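Q: Sharing a structure below in structure tokens format, with a few things to ask.
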Amino acid sequence: MRGGKQSVAGSTVNGKTRTINRNRRNKRPRRQQRFANYLVFGWTSTVCLGLFALCYVLVLVILWPLLKASTPTELPDETAGDYIHHMHVPPSLKEIARVPVKDKIGEVASTLRKKLAQFRQGKGVTDANLLDQAVAEYESIVKHREAEEKVEAKQLIELKNNAAAGDAVVAGSHRNGFMVLGMHRSGTSMLAGLLHKSAGYTVGGPLIGGAFDNEMGFFERIDVVLQNDEFMNKQNVWWSSNVVSYNWEQALRDKDSGAITFKEGHRGLAFLNNANNAPWMQKDPRMCITLKTWLKLMNNEPAIMFTYRHPLEVAMSITKRDNSIALDTALRLWIIYNMRAIQNSKGLCIVKSSNDAILADPLHEVQRISDELTTECGVPAPPSRITQAEIEKFIDPKLQHNKKKNKTAKVLETYNDGKCVVHGFEATKKKGTVAYDREQDLYRKAMKIYCDFQSGTAYEDDYVWPVLK
């Protein structure tokens, strides 16, 4: 046992001795490194450096005339073509410079066509007319733009000539056309469609097409609608918000100062101020708000065709089309649009109707409207009479959404000796809340105006409109 322990101890000592010796051998003095050691090149490096220096010298020799030349202080008074004649350019470029623009474009197109054909062969595409079609489309766009510019310039000239010639029509004696006023979703599109398609009143164009919420079309000029949006948006007014704040005089100042664009307005006025378009018709619910602005820009006073619809039907139609608009907001809009339509039309010749009257007897009611526009307001008679065939195209019971007069509901109020009854409705707000009270209050105010339209008192000059919070 003792011998064994000594053997183990001896092995340990010998191992430590070998480790110490190994560490000593590793700690040899390092060679001193100098910067000059990096300057020692081999044969390959020396050859590469020499070739680089030779190339650099050759470049300097070639560019020496250019480096030696002085920089010109001014440009020569000559055209690009004259400059090319004495400029050192390859002969091929000189030939290209002499080629007319059309020939250059044709040559480039031909070359590109060949390249595309070679590319298509590899891809399996064989439509060699693709480029020709693109060129034709481009030329069509250019021609369309040029035609639009010519038409716009012609219309502006006509507008100035008409104004200079004093073509403004004396109010009360004759009117070249009329405007259809009424709240959104009040049947104005149906009425305008009948007056245009059946009677033949001129609307011009382009018009806004039909949509899911108005299948037969809106019969609204795009230029007038866009200009109305321009007038309103500058004042932070949109068709469904802040409408009561619109200032018609500020809109004129914005136009005169250039704060808004009036390109679309010029197009609209070129139509409205042209006596050759009589009898014309203009329809846009925004005109209830912006009418006074347009009256100052027109050279003839229009007649007004005003129509209205039950406020709850209108409000429910609006909320169905746009669920972000609450019922109370839609009722408030109904009040504002109808109020502004009557206020802004004061002093003008007005023919009145309602959506209920038109639906009850469309043939005779629409014809009455057309006749009174001529006999009462001096608008030239349209070329045709209203026909039953056109009535059947536009008066579709399926298109009359949201007729919600629940006569079994609780009676809240009555007007006009009991002829106009205000029934309750299914509220969208929780009873007992501020929102509920607001909804009920706006509904009652709207219904009073609705009943006053029926009796005619709402058209009187001293009619008191409700104060909106």
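The values are calculated or read from the model by the stated rules, or taken from the named source; none is laboratory data. All values derive from a computational prediction rather than experimental measurement. Neighbour counts are summed over all protein chains in view; Cβ atoms, including those assigned to glycine, are modelled from backbone coordinates with ideal geometry.
Q: Of the residues SER384, SER324, only one is out of contact with any His (no Cβ under 8 Å at 6 or more places or on another chain) and either farther than 30 Å from THR433 by Cα or part of a strand (DSSP E or B) (or both); which? So that I can check it myself, show each step before the final result.
A: Details: SER324 fails: either farther than 30 Å from THR433 by Cα or part of a strand (DSSP E or B) (or both).
So the residue among SER384, SER324 that is out of contact with any His (no Cβ under 8 Å at 6 or more places or on another chain) and either farther than 30 Å from THR433 by Cα or part of a strand (DSSP E or B) (or both) is SER384.
Q: Within the stretch 332-354, how many residues turn out to be in a loop (DSSP other than H, G, I, E, B), of a type in the set (D, E, K, R) and surrounded by 21 or more Cβ atoms within 10 Å (Cβ to Cβ)?
A: Matching residues across the stretch 332-354 total 0.
Q: Would you check which residues across the stretch 230-240 are in contact (Cβ under 8 Å) with a residue 40 or more places away in the chain and farther than 20 Å from ARG332 by Cα and list them? If you could, list the steps in order and put the result at the bottom.
A: Within the stretch 230-240, the first condition is being in contact (Cβ under 8 Å) with a residue 40 or more places away in the chain, and the residues that meet it are 231-232, 237, 239-240.
The answer is PHE231, and nothing else.
Q: Would you check which residues across the stretch 246-264 are small (Gly, Ala, Ser) and surrounded by 15 or more Cβ atoms within 10 Å (Cβ to Cβ) and list them?
A: Looking only at the stretch 246-264, we keep the residues that are small (Gly, Ala, Ser), and these are 251, 257-259.
Hit for the stretch 246-264 is ALA251, nothing else.
Q: Does ALA427 satisfy being among the hydrophobic types (A, V, I, L, M, F, W, C), at pLDDT 95 or above and within 38 Å of the chain's Cα centre (by Cα)?
A: no
Q: When the stretch 423-443 is examined, which residues are found to be farther than 22 Å from LYS320 by Cβ and either in contact (Cβ under 8 Å) with a residue 24 or more places away in the chain or in the same structural domain as SER353 (by TED's automatic domain parsing) (or both)?
A: none
Q: Among the residues of the stretch 188-209, is any loosely packed, with under 15 Cβ neighbours inside 10 Å and either modelled with pLDDT of 95 or more or closer than 30 Å to ARG332 by Cα (or both)?
A: yes
Q: Does MET183 count as assigned by TED's automatic domain parsing to the domain that holds ASP284, at pLDDT 95 or above and buried (at least 24 other Cβ atoms within 10 Å of the Cβ)?
A: Considered against the rule, which asks whether it is assigned by TED's automatic domain parsing to the domain that holds ASP284, at pLDDT 95 or above and buried (at least 24 other Cβ atoms within 10 Å of the Cβ), MET183 comes out as yes.
Q: Using the structure shown, decide if TRP280 is hydrophobic (A, V, I, L, M, F, W, C), more than 24 Å from HIS310 (Cβ to Cβ) and in contact with a strand residue (DSSP E or B) (Cβ under 6 Å, 6 or more places away or on another chain).
A: In short, yes.
Q: Something else now. Tell me, which residue of the stretch 239-263 that is of a type in the set (Ser, Thr, Tyr) and touching a helix residue (DSSP H, G or I) at 6+ places or on another chain (Cβ under 7 Å) is modelled with the highest pLDDT?
A: Across the stretch 239-263, the extreme among qualifying residues is TYR246.
Q: I would also like to ask the following. Take the stretch 241-274 and flag every residue that is small (Gly, Ala, Ser), more than 30 Å from ASP328 (Cβ to Cβ), free of Cβ contacts under 8 Å to residues at least 40 places away in the same chain and assigned to a helix (DSSP H, G or I).
A: Hit for the stretch 241-274 is SER257, nothing else.
Q: Quickly run through the stretch 224-245 and pick out the residues that are surrounded by fewer than 21 Cβ atoms within 10 Å (Cβ to Cβ) and not hydrophobic (A, V, I, L, M, F, W, C).
A: Result: ASP229, GLU230, ASN233, LYS234, GLN235, ASN236, SER240, SER241, ASN242, SER245.
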